[in-house]
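The values are calculated or read from the model by the stated rules, or taken from the named source; none is laboratory data. Since we're looking at a predicted model, the values are computed, not measured. Glycine also receives a Cβ, built like all others from the backbone with ideal geometry; neighbour counts cover every protein chain displayed. The accessibility values were calculated without ligands, DNA or RNA, using every heavy atom of the protein model including side chains. Shrake-Rupley method; radii C 1.70, N 1.55, O 1.52, S 1.80 Å.
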Amino acid sequence: MTELYETRRYLTRFDVHRVPNLFVDVLVIGSGVAGLRAAIEAARYGSVLVVCKSRVDNSNTAWAQGGIATVTAPTDTFEQHIADTLTVGCGLCDRRPVERIVRDGPERIRELIDWGGIFDQRGRKLLLGLEGGHSAPRIIHALGDATGREVANTLIRVARGTENIRVFEDCFAIDLIDVEGRCGGATTYHRHFGHQIFWAKHTILATGGTGQLYRESTNPEVATGDGHAMAYRAGARLRDMEMVQFHPTTLYVAGAARTLISEAVRGEGAHLVDRNGRRFMTDYHPNAELAPRDVVSRAILSEMAKQDATCMFLDTRPIGTERFRKRFPSINRLCEEFDIDVSTQPIPIRPAAHYMIGGVWVDEETRSSMPGLLACGEVASSGVHGANRLASNSLLEGLVFGAVAGRVAGEAAQQDHSPNQPRPVHSDISPSTRTMLDVDDVRNSLRSVMWRNAGIERFGPRLTETAEIIQFWGQYVMDKLFDDQRGWETQNMLTVSRLMAASALKREESRGAHYRTDFPELDPRLDGRHSVCQRTQDALRLEFSE
Ligand code: SIN
């Protein structure tokens, strides 16, 4: 296949002499848990700027319900949490980063509590929930089912109160700047201030996930894979881009957003049933509703297909209505909004894209393959999640590796005494001759094709077709010079979808979140072997690690 749209390194034209240039020690792109925690740490060493394309609290973090997995109970052990993470990761986790998040977790949580974060407690004891894949209850939570909101609010409060940190909202990072192979910061667009260049001694990418690439998604509008695409254009290495986690239970009401119904609800005892009230997960896995997410998602699809049904149901009555309402107040409110009375009715659900496991490859200190660029949180591939992420490990990873990234970037920037001056970098691409383009139509079509062909179940010929469709749309979209966020996001979405489809096609086996109907078994020859994508010499290089 010809690589027609691979040639463009930057999405926009710019000339450093014609735009405002600003200088900072550490630039953080993204304001979820990882970005904010990184910013707070980096601010101990120097100046920090956080840019986020929407409001500071509009992130996947703020939407997280279930909680944070961490070892606090006297009967629980680090070894058990490590073993659970490795088991769910299906032979693709790297042990050392797993050990790090598990062992550093309790300290990061204590710190959040010291900063005013409030987690649900009885007496002085943190209350612990259970989720799929965990051998013990170890999920701490806040306001019942609004853990992410509490974590985000706490970190935002600390960041806002830290003198060295400035936060720019509504500021879209377009591209990472390349100064002779080293990341020098980013080009950005602010809806009031226009184009700017932020030069940084170190840049931390914390842009989160890619959920909006799928028609059905638990993610907010902002999750369009911008960081993945920016890093790819800049030549950084990306890894495991076929690994997308689908969440089994999101509200299925026509016209409503696919809002998450936390796995913790199943952890408390809710059953998955069909329209006749028959519990079906016991037919699929010994852990029934608490089987790994990929197993539960596929079981739901299989029942939907067998019964020609548009959804399955989550029956919360085994929990007890009063207990459910107390433990999950936000989910209960959501149900009430749609006239679902959980005391008499099960909740209609179906799976949706939830978490991007693949991302920018980083070493144990969060350094990417591009000097000067670090990555943490969902955009990064730290090796923690392998082929499937253990429930509630993501906020934990963001906290732990956010702190690592902030320290590494801050320390390095402190040693860097180079003068603050713009480097001779420019982009002089010319606009395409094609003009009219319905960007929303491209986005919607892309999201549908990704859901159909690169979703919970994949099939080689369908993935090939997807790659061809993306290539075709790319010819019209990728050479266009946009001057708004929606256009750049669409270019990013096409770039990332293409990497996902190509990686999914290359992995001819089923492992964790990646299920190929034409290769339904795990291939032991691919144990520990990651797919690695990189943009080199205007082409995509995709291979398995040794
Ligand atoms: C949930 O509450 O089910 C989501 C938690 C997670 O994805 O880790």
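Count of segment 468-482 residues, restricted to those that are surrounded by fewer than 20 Cβ atoms within 10 Å (Cβ to Cβ) and farther than 12 Å from Leu437 by Cβ, is 4. Just to verify a result, which residue in segment 49-76, among those that are open to solvent by 50 Å² or more (accessible area, probe 1.4 Å) and in a loop (DSSP other than H, G, I, E, B), is farthest from the ligand (Cβ to nearest atom)? It comes out as Pro74.
Rundown of residues vs (1) within 25 Å of the chain's Cα centre (by Cα); (2) of a type in the set (Ser, Thr, Tyr); (3) at pLDDT 95 or above, yes/no style:
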| site | (1), (2), (3) |
| --- | --- |
| Pro286 | no, no, yes |
| Ala291 | yes, no, no |
| Asp294 | yes, no, no |
| Asp341 | no, no, yes |
| Arg350 | yes, no, yes |
| Trp361 | yes, no, yes |
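Do you know which residues across segment 107-123 are open to solvent by 20 Å² or more (accessible area, probe 1.4 Å) and in a helix (DSSP H, G or I)? Once the filter is applied, which keeps residues that are open to solvent by 20 Å² or more (accessible area, probe 1.4 Å) and in a helix (DSSP H, G or I), segment 107-123 yields Glu107, Arg108, Arg110, Glu111, Ile113, Asp114.
Residue by residue, here is whether (1) free of Cβ contacts under 8 Å to residues at least 12 places away in the same chain; (2) within 25 Å of Asp339 (Cβ to Cβ); (3) within 16 Å of the ligand (Cβ to nearest atom) holds:
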residue: Thr249; (1), (2), (3): no, yes, yes
residue: Ala256; (1), (2), (3): no, yes, no
residue: Thr259; (1), (2), (3): no, yes, yes
residue: Ala264; (1), (2), (3): no, yes, yes
residue: Ala270; (1), (2), (3): no, yes, yes
residue: His285; (1), (2), (3): no, no, no
residue: Ile300; (1), (2), (3): no, yes, yes
residue: Glu303; (1), (2), (3): no, yes, no
residue: Gln307; (1), (2), (3): no, yes, no
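Residues that are in contact with a Gly (Cβ under 9 Å, 6 or more places away or on another chain), within 16 Å of the ligand (Cβ to nearest atom) and not in a loop (DSSP other than H, G, I, E, B) within segment 232-247 comprise Val244, Gln245, Phe246, listed in sequence order. With respect to the stated conditions, Ser510 is open to solvent by less than 40 Å² (accessible area, probe 1.4 Å), free of Cβ contacts under 8 Å to residues at least 40 places away in the same chain and closer than 24 Å to Gly383 by Cα. Could you tell me whether Leu126 is touching a Ser or Thr at 6+ places or on another chain (Cβ under 6 Å) and open to solvent by 10 Å² or more (accessible area, probe 1.4 Å)? Answer is yes for this residue.
Checked against the criterion of being in contact with a Gly (Cβ under 7 Å, 6 or more places away or on another chain), assigned to a loop (DSSP other than H, G, I, E, B), modelled with pLDDT of 95 or more and open to solvent by less than 30 Å² (accessible area, probe 1.4 Å), segment 9-27 has no qualifying residue.
Are any of the residues in segment 223-230 within 16 Å of the ligand (Cβ to nearest atom), in contact (Cβ under 8 Å) with a residue 12 or more places away in the chain and over 24 Å from Val48 (Cβ atoms)? No, segment 223-230 contains no residue that is within 16 Å of the ligand (Cβ to nearest atom), in contact (Cβ under 8 Å) with a residue 12 or more places away in the chain and over 24 Å from Val48 (Cβ atoms).
The number of residues in segment 236-263 that are out of contact with any helix residue (DSSP H, G or I) (no Cβ under 8 Å at 6 or more places or on another chain), open to solvent by less than 30 Å² (accessible area, probe 1.4 Å) and more than 30 Å from Phe544 (Cα to Cα) comes to 2. When segment 130-141 is filtered for residues that are surrounded by fewer than 21 Cβ atoms within 10 Å (Cβ to Cβ) and either near the ligand (Cβ under 9 Å from one of its atoms) or among the aliphatic types (A, V, I, L, M) (or both), the ones remaining, listed by number, are Leu130, Ala136.
Please go through segment 269-284 and give me each residue that is under 28 Å from the mean Cα position of the chain (by Cα) and either at positive phi or among the hydrophobic types (A, V, I, L, M, F, W, C) (or both), ordered by number. Listed by number, the residues that qualify are Gly269, Ala270, Leu272, Met281. If I ask for residues that are in a loop (DSSP other than H, G, I, E, B), open to solvent by 30 Å² or more (accessible area, probe 1.4 Å) and not acidic (Asp, Glu), which ones from segment 513-544 would you list? Tyr515, Thr517, Pro520, Leu522, Gly528, Arg529, Gln537 - these are the residues of segment 513-544 that are in a loop (DSSP other than H, G, I, E, B), open to solvent by 30 Å² or more (accessible area, probe 1.4 Å) and not acidic (Asp, Glu).
For Leu92, are the conditions met, namely being within 17 Å of Gly377 (Cβ to Cβ), more than 16 Å from the ligand (Cβ to nearest atom) and either open to solvent by less than 10 Å² (accessible area, probe 1.4 Å) or free of Cβ contacts under 8 Å to residues at least 24 places away in the same chain (or both)? No, not satisfied. Answer yes or no: is there a residue in segment 316-335 that is aromatic (Phe, Trp, Tyr), at pLDDT 95 or above and under 25 Å from Trp451 (Cα atoms). No; the residues of segment 316-335 include none that is aromatic (Phe, Trp, Tyr), at pLDDT 95 or above and under 25 Å from Trp451 (Cα atoms). Can you name the strands (runs of 3 or more DSSP E) wholly within segment 288-402 that have at least 2 residues being open to solvent by 20 Å² or more (accessible area, probe 1.4 Å) and closer than 29 Å to Leu522 by Cα? Once the strands (runs of 3 or more DSSP E) in segment 288-402 are filtered for at least 2 residues that are open to solvent by 20 Å² or more (accessible area, probe 1.4 Å) and closer than 29 Å to Leu522 by Cα, what remains is 347-356.
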